[in-house]
Amino acid sequence: MNILILGTAYPLRGGIAHYNALLYTYLKKRHEVRIVSFSRQYPKLFFPGKTQEEKGDPGLPVEADALIDSVNPFNWVSVGLALRKRNADLVIFKYWLPFFGPCLGTICAILKWRRKTKVLIICDNVIPHERRPGDTIFTKYAFSFADYYVVQSDSVERDLLETVESPLYRKIPHPVYEIFGAPVEKKSARARLNIRDERILLFFGYIRSYKGLHVMIDAMKELKRSVNVKLLVVGEFYDDEEQYRWHISDAQVRDVVDVVSDYVPNERVGDYFSAADVVMLPYLSATQSGIAQIAYNFDKPVIATNVGGLAEVVVDGVSGLVVPPNDARALAEAVRKFYAEGLESRLSAGAASEKRKYSWDRMVDGIEDLAGASANSRTTN
């Protein structure tokens, strides 16, 4: 098949860019593939982070054309008309934010007009974590041009079925993020990060209220009384950073919580995960989490809350521990149990075993199944 992937790609940063790079890499083994990325992804006024571009190693090299301006309707039309010349059999894009619905929907409408081109949406979210005016209208508009859908958790499957009547879809688990390399020895990773503490919990990724860092801070107050452990918070704040720092100070846990408030370049991600004993996902809401898939890539167990699709990935007692959401005492008790019962080795082995379920070949097989591609139609590059 001749496939176009619409969406974020290097040098734009973040999990969507990483996902698209891996999807491109695995699809390209069987098909002709090209990524069409953004010339402007977010207007600076609306972007909560410090920068939209990756400063370090791309991780995986991809061929991408930066053409799409997310806020310029004239651009959407011109890009759609230009891409029609590529005669794509299949157009794929990830859907994670309704803001992109008008842009991607319009381009797909033009690509499909009087053509046999099909559109497949990989749904990170159908309903976003944080609701905004226009979400429903933008989502329905984008989805009106889709032929197929991929969902990656039960919660997103339910949302899709409530939004689209009789959709043609497959549920395929979110694959592991392999883009950050292989695990390294814990002692070496800690030396590179100048970490001298014996026990390390890792909270990683963009910091927003729904991810529950404030609950984790309260859990550290509980833990400080009985367990010698350090929480490493690594990620850029998309909420008010000062309110979290005030919370850390007010809870009197500044000595057991370290904050690295920056986006981590690709080549440094592996050090943070390899240095940790366990990864913390104290989310208040979720569909699925790419952080869990990064943890699995590094054979790290996860302590997660039972929200959205997290408990589908983190198998309680096998690859991690699952606790109720918004419960600092339950989080603290899970950490106590993790260390008191010496669970790191067993749960790490469980994570290494579980990650075999989350292969990119399985994702590609599912996409081909939806699109009706036969073995004879595959193009080897």
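Could you give the dipole magnitude of the chain about its Cα centre, charging the beta-carbon of Lys and Arg +1 and that of Asp and Glu -1, in debye to the nearest 20?
It works out to roughly 860 debye.
Which residue, Ala146, Ala82, Ala352, has the most motion in a Gaussian network model of the chain that connects Cα atoms within less than 10 Å?
Highest fluctuation among the options: Ala82.
What does the extension gain come out to for Asp316 and Ser226, with contour length at 0.36 nm per residue minus their alpha carbon separation?
30.1 nm
Please name whichever of Tyr210, Ser153, Ile195 sits farthest to the positive end of the charge dipole of the chain, dipole taken about the Cα centre and charges placed at Cβ: Lys and Arg +1, Asp and Glu -1.
Result: Ser153.
Considering only the other residues whose Cβ falls under 12 Å of the Cβ of Ser348, what net charge follows from Lys and Arg at +1 and Asp and Glu at -1?
Here the count lands on 0.
Relative to the longest principal Cα axis of the chain, at what angle does helix 266-275 sit, 0 to 90 degrees, rounded to 10?
30
Find how much the distance from Lys44 to Lys171 grows on full extension, using 0.36 nm per residue of separation minus their present alpha carbon separation; answer in nm with one decimal.
Stretched out fully, the Lys44 to Lys171 stretch lengthens by 42.3 nm.
For the chain, take every pair of Cα atoms, bin their distances at 10 Å starting from 0, and report each bin as a whole percent.
5, 23, 33, 24, 12, 3, 0
For the range 141-254, what does the accessible surface come to per residue with a 1.4 Å probe? Please give it in Å².
Using a 1.4 Å probe on heavy atoms only, each residue of the range 141-254 averages 48 Å².
Given contacts defined as C-alpha pairs under 8 Å and at least six residues apart, what's the relative contact order of the range 4-103, whole-number percent?
34
Per residue, how much accessible surface does the range 1-125 expose to a 1.4 Å probe? Answer in Å², no decimals.
41
Past the 27 Å Cα-Cα mark, which pairs from Lys187/Lys230; Lys187/Lys357; Lys29/Lys355; Lys94/Lys221; Lys44/Lys94?
Beyond 27 Å between Cα atoms: Lys187/Lys357; Lys94/Lys221.
With a Förster radius of 45 Å, plug the Cβ-Cβ distance of Thr163 and Ser345 into 1/(1 + (r/R0)^6) and report the FRET value to the nearest 0.05.
Efficiency, from the Cβ-Cβ distance: 0.55.
Mind checking the full-extension length gain between Val184 and Arg132? Use 0.36 nm per residue of separation minus the Cα-Cα distance, one decimal, nm.
Contour length minus Cα-Cα distance gives 14.6 nm.
What do you reckon, how do Thr163, Thr136, Thr305, Thr106 stack up by accessible area (1.4 Å probe), largest on top?
Thr136, Thr163, Thr106, Thr305
Along the charge dipole of the range 97-196, which of Gly181, Val119, Ser144 sits closest to the positive end, that is, farthest toward it, with unit charges on the beta carbon of Lys, Arg, Asp and Glu (+1, +1, -1, -1)?
Gly181
Taking all protein chains in place and a 1.4 Å probe, what share, in percent, of the accessible surface of the chain do carbon and sulfur account for?
49
Give the Kirkwood hydrodynamic radius (Å, one decimal) of the range 280-374, defined as one over the mean of 1/r across all pairs of different Cα atoms.
Here the Kirkwood hydrodynamic radius works out to 14.1 Å.
Which of the lysines could be linked to Lys85 by a straight reach, that is with a Cα gap under 22 Å, when you skip same-chain ones fewer than 8 residues away?
Straight-distance partners of Lys85: Lys28, Lys112, Lys116, Lys118.
Can you pull the one-decimal nm distance between simple spin-label points at Asn326 and Gln252, each 7 Å off the Cα toward Cβ?
The modelled label-to-label distance comes out at 2.7 nm.
Bin all alpha-carbon pair distances of the range 315-365 at 5 Å intervals from 0 and give each bin's fraction as a whole percent.
5, 18, 22, 18, 15, 11, 6, 4, 1
So for Tyr26, Tyr206, Tyr244, what's the accessible-area order with a 1.4 Å probe, most first?
The ordering from most to least exposed comes out as Tyr206, Tyr26, Tyr244.
I need the Kirkwood Rh of the range 122-217: take the reciprocal of the average 1/r across all distinct C-alpha pairs and report it in angstrom.
17.1
When only C-alpha pairs under 8 Å and at least 6 residues apart count, what is the relative contact order of the range 235-363, in percent?
20
For the range 65-136, place one equal point scatterer on every Cα, skip the solvent, and apply the Debye formula. What is log10 of I(q)/I(0) at q = 0.17 Å⁻¹?
One equal scatterer on each Cα of the range 65-136 leads to -0.66.
If you take every residue apart from Asn87 with its C-beta less than 10 Å away from the C-beta of Asn87, what net charge results, scoring Lys and Arg +1 and Asp and Glu -1?
+4
Please work out the Cα convex hull volume for the range 107-156 and give it in Å³ per residue.
Expressed per residue, the convex hull around the Cα atoms of the range 107-156 is 78 Å³.
What percent do you get for the relative contact order of the chain when only Cα pairs under 8 Å and 6+ apart count?
After rounding, I find 17 percent.
Tell me the Kirkwood radius of the range 148-303: reciprocal of the mean inverse pair distance over distinct alpha-carbon atoms, in Å.
16.9
The values are calculated or read from the model by the stated rules, or taken from the named source; none is laboratory data. Owing to the predicted nature of the structure, the values given are computational and were not obtained by experimental measurement. Quick reminder, even Gly has a Cβ in these numbers, built from the backbone with ideal geometry, and neighbours come from all protein chains shown. Surface accessibility is based on the protein's heavy atoms, side chains included, excluding ligands, DNA and RNA. Shrake-Rupley method; radii C 1.70, N 1.55, O 1.52, S 1.80 Å.
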